[in-house]
1. Taking the Cα-to-Cβ direction at Thr34 and at Ser113 and moving 7 Å from each Cα, how far apart do the two end points lie in nm?
2. For Ser84 and Ala106, compute 0.36 nm times the residue count separating them, minus their Cα-Cα distance, and round to one decimal in nm.
Amino acid sequence: MRYTLFAFLALSLLVVSNAEAQKNCRKGIPCGNTCIAANKVCHIGTPSTPPTASRSESAAVAQNDSMAWVASSRGHTYYRRGCSTANSLSPTNLIYFRTEEEAQRAGYHRSTSRGC
């Protein structure tokens with residue numbers, strides 16, 4: 001009887017300590033059963049499929065298809081669209097240009113990467 005009571009108390013303490021550990025992250029934010037860095041995004045409990053694009057977003061994508069040159073808003077270099085280096089740019093930072101002259105007027109210079 002004492003053994004089962006002791007086991008029950010020990011198990012209940014483990015459950016309580018795990019629940020409190022998640023709430024008291026010293027650095028960062030709680031995510032699932034662990035803590036992650038404050039600048040990261042917790043993906044536990046998020047939907048597995050991305051939401052569908054709205055009509056205005058799909059229209060913007062169609063408009064960007066006519067643009068032949070691309071650059072990052074965080075850099076100073078523009079690339080030919082489809083270039084391997086251009087494909088590695090973050091989609092959230094992309095800026096599109098119709099012509100090279102337009103990119104140069106915006107203060108960007110052409111990539112020296114081969115084929116870009």
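Coordinate-derived values only; no laboratory data. Note that the coordinates shown come from a computational prediction; the quantities given were computed from them, not determined experimentally. Here the Cβ is made from the backbone with ideal geometry for all residues, glycine too, and neighbour counts use every protein chain on show.
1. 3.1
2. 5.7 nm
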